[in-house]
Each structure stands twice: as structure tokens, then as C-alpha cells.
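Following: one structure in C-alpha cells, then a few remarks.
The values are calculated or read from the model by the stated rules, or taken from the named source; none is laboratory data. Bear in mind that the values here come from a model prediction, so they are computed numbers and not experimental data. All Cβ positions, glycine included, derive from the backbone under ideal geometry; neighbour counts span all protein chains shown.
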Amino acid sequence: MQQITDITNTDTSLAAMRLVGFTSLALGALSGLILGLWSFDGPVPAPAVLDDYASTSRRLIRLGHIAFFGLGILNILIARELAGFDLRPAILRLTARSMNAGNLLLPAGLFAAGFYAPLKYLLPIPAMSVSVALSLAAYGAWFAFRGAGPARAGELSPGGTARATDGGSR
């Protein structure tokens, strides 16, 4: 029964990653449409805090717009790849939750910091969340490359060759 629950939770985690990823792409497009209203002498004047093209506030807003796209694509890619990795369900869920949290909070934090500068000091939190997710995905990719998931890693010797299971040497 536990294995069925783990599979269901895994499928839900991957589906949530795809949902967050595609939502992030949509928000990236929407934010780009809004930013385009005042960019390049658009029809609407820029808000006062974003009036100077080179200001930190405007740069943070532009970075938030791009982060929606970049993190959304990463979220979808990781969701696709995680399904093929032999990761423990708890590691897979941690990867999914970390990536989703970073994908939601980093662009939002960048936009918020663009309007209220002290919030930029909170940005390392969602950035670390994304770093954790990417590190765990790399962990899964490493074991997939070696041909054994972490659940079977004990079956390999430190040199990457199979251990003798019959008590003899090979």
C-alpha cells in the first residue's frame, strides 16, 4: 500500500511541477505585455519608480519577467526528467516542492523588490530553493548516467563495478 501511495504522490508532484511551470510561462508573457506598455516610448508612461531605464528597480522588474520564463521552462524540464530517475519518493517530492517554491517566489520577489528595495535581501531564499531542486535533479541524473538509482547505489562498489554477491571475487 505504501508503494501505491508513493507512486500517487510522485505523479501528483510531477503534475504540480508542470502546472507551476506552464503558469509561470503564462505569467511571463502577461508581465511582458504589461512591461511593453511603457517600454520603448510605449503608449503608457512608466510608473515613477520605474521611470529611469537603468535603475535597479526597473532591472529587478525585467529580471522578474525573464525569471518567469526561465524557471517555468526549468520546472517543466525537471518534471519530465524526474519521472525517469530512480529517486526515492521523498527526494522526488523535495525536488518538486523546492522547484515549485522557487518558481513561484523568485519572480514574485523580484517584482516586489522592484517596488520596495529592502525586499531584495529576501531573494536568496527562493534562489536557494531553486538551487536545492537543481542539485537534487543533478543527483538523480548522475545516478541515471551511472545506471543505478540511489535506491540501488549500495549494489555498486566505489569504483562503479558490481560487487560480488556470492561471497567470492570476480
Exactly one of (1) within 17 Å of the chain's Cα centre (by Cα); (2) farther than 30 Å from residue 117 by Cβ; (3) surrounded by fewer than 18 Cβ atoms within 10 Å (Cβ to Cβ) is unmet by residue 85. Its number?
(3)
Could you list all residues from region 54-108 that are farther than 25 Å from residue 122 by Cβ and among the aromatic types (Phe, Trp, Tyr)?
85
So which of 93, 58 is part of a helix (DSSP H, G or I), over 24 Å from residue 30 (Cα atoms) and touching a residue at least 40 places away in the same chain (Cβ under 8 Å)?
93
Subset of region 115-133 that is of a type in the set (Gly, Ala, Ser) and at pLDDT 95 or above - its residue that is nearest to residue 12 (Cα to Cα):
133
Scanning region 5-35 for residues that are modelled with pLDDT of 90 or more and either hydroxyl-bearing (Ser, Thr, Tyr) or outside any helix (DSSP H, G or I) (or both) gives 23, 24, 31
Here are some residues: 146, 152, 170. Which one is in contact with an Asp or Glu (Cβ under 8 Å, 6 or more places away or on another chain), exposed (fewer than 15 other Cβ atoms within 10 Å of the Cβ) and at pLDDT below 90?
152
Being surrounded by 17 or more Cβ atoms within 10 Å (Cβ to Cβ), farther than 30 Å from residue 144 by Cβ and of a type in the set (Val, Ile, Thr) is the filter here, so list the residues in region 51-82 that pass it.
61
Scan of region 63-89 for residues that are in a loop (DSSP other than H, G, I, E, B) and closer than 18 Å to residue 18 by Cα, ordered by number
83, 84, 85
